[in-house]
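The values are calculated or read from the model by the stated rules, or taken from the named source; none is laboratory data. Only a predicted model underlies this, so the values are computations on that prediction, with no experimental measurement involved. Here the Cβ positions follow ideal geometry from the backbone for every residue, glycine too, while neighbour counts run over all protein chains shown. The protein model used for the area step is the full one, side chains on, heavy atoms only, and it has no ligands, DNA or RNA in it. Shrake-Rupley method; radii C 1.70, N 1.55, O 1.52, S 1.80 Å.
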Amino acid sequence: MEVWAVEAGISAPHLRVADFGGLRGMAATADIEAGEPLVSLPIGAALLVTPKQRCPFPDFCSPAFYASKPCRAFSGPYGGPPWRSRAKLAAALVAGGVGSVTALHVPLEQVLNGAVAAALFNLIYDYLLSQRVKWYSMVPWLDLINHRGTVESTVEYEYFRDRFVASTTSRRFRKGEQVLISYGPQSNDSLLQFYGFVEAGNPHDAYRVPDLAARARAAAASMGLKLQAAPSGASSIGSAPDTAGTLTRGGPDEHTLAAITAEVASARPSADGVTAVQRALEVAAALCDAELDVLGPVDRPRGAAPQLQSARAAAAAAFRHEKAAVLQDCARACRQRAKRKTP
């Protein structure tokens, strides 16, 4: 693999493949400073999916599936054709212009106007396309680096060098330490579905609550809040396309908190000056407690050696454990915010 990487023009001078407790990853062979490039490789060594590209292997997967977002690939704004392709296009325009002037006796001014128009069209087209679509790439060697959600990293396409370059911007790595990058702000749902692992303490994890209105009202009732009965078939969020709520480690997201506030707005005003938002945060905390009861015991399996568990069972146990942790953190954050005068 290393021989192939060198032959393909891949540069990773301070990385080597290593094993970390049975997990393959990349180790630093020297101290790596924040912002220092980790991997650099020519665009020809990457597998690219460009906008509007047809499925090159229709017998392997359907065109509809191929057209869907490739979630396991690195993505970024479409960079347009590499500069070498543009150089070939420019050479073709020059050759065509010279031929038009010498062989067809087309006026030089007319040829120049046509060449300028063609160049501007290509530049503007690529600029507008890059604002609307992305390209996706599978990047060899970089794909061997493991993920951590707290690491800030970048994968950029350098146009004039015609290369992909990856670096971290938030921290340095010591010699022998495992080098990590971020696959993006992904929840454990996404990481488990597309990468097959669960990240412990994932800062981007979230818990989805189906039928938020009904569960929020049930949580309010468990606190002794008396709410007016909602009209049949109606809810403060009943007209929204997605009636689920999202709970994060820092509390409900903006939509969910607003929806819970609206659901409990009919409760009798508090005599101790609790605001509507504070009351909603208290209800959100009770909702977290109720969801924890639904999950049931979520401790990681004990007794049996991990190697005796199936990978699927171990991943499921880790997933449930992390979702419970999100609910616990969310409940704690809600109660802390509810105590403040300005939640």
Is it the case that some residue within the range 187-204 is farther than 30 Å from A280 by Cα, open to solvent by 40 Å² or more (accessible area, probe 1.4 Å) and polar (S, T, N, Q)?
yes
Please name all residue pairs, on different chains or six or more residues apart, with Cβ atoms under 7 Å, provided the first residue is in the range 274-301 and is in the same structural domain as P252 (by TED's automatic domain parsing) and the second residue is of a type in the set (S, T, Y) and at pLDDT below 90.
R279/S270
Could you list, in sequence order, the residues of the range 17-28 that are of a type outside the set (D, E), open to solvent by 70 Å² or more (accessible area, probe 1.4 Å) and in a strand (DSSP E or B)?
L23, R24
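Using the structure shown, decide if D31 is open to solvent by 60 Å² or more (accessible area, probe 1.4 Å), of a type in the set (D, E) and modelled with pLDDT of 85 or more. Before the answer, list the steps.
On the way: open to solvent by 60 Å² or more (accessible area, probe 1.4 Å): yes; of a type in the set (D, E): yes; modelled with pLDDT of 85 or more: yes.
Taking the combined requirement at face value, the residue satisfies it.
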Restricting to the range 137-183, and then to whatever is basic (K, R) and farther than 30 Å from R249 by Cβ, can you tell me which residue is least open to solvent (accessible area, probe 1.4 Å)?
R163
Can you report the number of residues in the range 236-287 which are at pLDDT 90 or above, under 18 Å from R215 (Cβ atoms) and either surrounded by 19 or more Cβ atoms within 10 Å (Cβ to Cβ) or among the hydroxyl-bearing types (S, T, Y) (or both)?
20
For the range 182-196, which residues satisfy the criterion of being hydroxyl-bearing (S, T, Y) and in a loop (DSSP other than H, G, I, E, B)?
S182, Y183, S187
For D59: the one exception among (1) part of a loop (DSSP other than H, G, I, E, B); (2) surrounded by 13 or more Cβ atoms within 10 Å (Cβ to Cβ); (3) over 25 Å from the mean Cα position of the chain (by Cα):
(2)
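Given A119, A67, A73, which one is under 30 Å from E36 (Cβ atoms) and at pLDDT below 75? Give the derivation first.
Details: A119 fails: under 30 Å from E36 (Cβ atoms); A67 fails: under 30 Å from E36 (Cβ atoms).
Of A119, A67, A73, the one residue that is under 30 Å from E36 (Cβ atoms) and at pLDDT below 75 is A73.
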